[in-house]
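First comes the structure, then the notes that go with it.
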Amino acid sequence: MSDPPQTDIQLGRDLLETEDLPSALLAKRAAAEGLHEMHTANWPTSVKSIEAIGTPLARAISHGGETALYEENGVLFEIHLFGTSFTVTAAGRTRQDVTAIVERMEKLVPPPDPSSSHEVPVTFWMYTAQGPRPSWRPIAVPAWDEIESNYAARTSNQLAALMQDFEPARGGQLILWHGDAGTGKTFALRALAWEWREWCQIHYIVDPDSFFGEHADYLRSVLLEPPFPMMVAGERYGPSVAEGMFHELDDFEGDGEEDDRLWRLLVMEDTGELLSADARERTGQGLSRFLNVVDGLIGQGLRVIVLVTTNEEIKKLHPAVARPGRCAANVMFDALTREEASEWLSGHGVGEESRGARTLASLYAQAEGRDPSETVLVGFGG
């Protein structure tokens, strides 16, 4: 049996750009050497480095990911690690050869174990006919390093500082997140719950209008009620989280040390009407109560941080909300630029470039085969 015909491929200037070099070399050698069996596979992973694979023939590093070309047992294979997405493309002479490489990659860069998924306890508050009522349940959350590539550069830098370096100085601080719908505020909120789990407990306000409305007992209950039940915390979330909750419960009974108490993060999503420039005229005392919790008398002495999200532009919010000194963090959620969106799509196995700036929700829709114009927005507890 004769060897396959040799094909000479001239690499154009666009393919010789650094970030495309491994792909270009794979294409040239696969054609030239008759490696006609090819297989591509993609899966999520929590692995952050490709060092375990070995020494590559070529390697390119770009924002949020890296691509490399390897050769093993007569098989050429290209790998791409982008955030939590891993892709391998193998080219060889037999299906058995390329399948063996893909299986080996699954062992070296495994998908995450579902049993080890991150969970944090969250208290959900709602005002009912019987008054304020909490409910507790765990939610699955990502770590920040698993999702940081989902954000535009400016947004990612601001969030990284908040996730990893934030130190609350006193009670009643405000964190303001604003940006268009679908830019990833809820994803980031879940990651924040994980990164702060050792020192902060999440209280999600389902109905912010009622919380800052006419029901004074609602505000008092959320700020002063004992935390998440200790027994459930110990069984589900381990001793470190439960111990912090235990110290906070002690403090409610007068026996705890001030430095041992957990902070509370009060989360309110989509609060544009509450914080708008004409909020006082439309919602009465709601804005005043909000500001009082953030840095007024109500918030003094309490280990409380308030995080609000809104789809409104910052200029449409009441000037008292975002003034310097009141906001501990003011994060603008930008859409990904055309270049960032194209790289995101490539990292998630979509072989086409973005035509312009894109929201995270539209990118996920495209990667999942849905119409990007019909994005599905998911709330924090969803």
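Values in this text are rule-based calculations from the coordinates and carry no lab data. Keep in mind the model is a prediction, meaning the values are calculated, not measured. We place every Cβ from the backbone using ideal geometry, glycine too, and count neighbours over all the protein chains shown.
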Ranking of D217, D145 by count of other Cβ atoms within 10 Å, fewest first: D217, D145
Whole-Hz ³J(HN,Hα) from phi, Karplus 6.51 cos²θ - 1.76 cosθ + 1.60, for the stretch 123-128, glycine and proline x: 9, 9, 10, 8, 8, 10
Contour minus Cα-Cα distance for L224 and D207 (0.36 nm per residue): 4.3 nm
Residues whose placed amide H lies under 5 Å from that of T271, excluding near-sequence neighbours: T309, T310, N311
Ordering of 341-347, 47-53, 175-181 by packing [mean C-beta count within 10 Å, highest first]: 341-347, 175-181, 47-53
Environment charge at H36 (Cβ cut-off 11 Å; Lys +1, Arg +1, Asp -1, Glu -1): 0
In nm, spacing of pseudo-spin labels at L108 and T337 (7 Å Cα→C-beta vector): 3.3
Listed peptides 161-169, 199-207 by packing density, highest first (mean Cβ within 10 Å): 199-207, 161-169
Cα centroid separation - the stretch 195-223 against the stretch 354-373, whole Å: 34
Extension gain, A329 back to Q164 (0.36 nm per residue minus Cα-Cα distance, nm): 58.1 nm
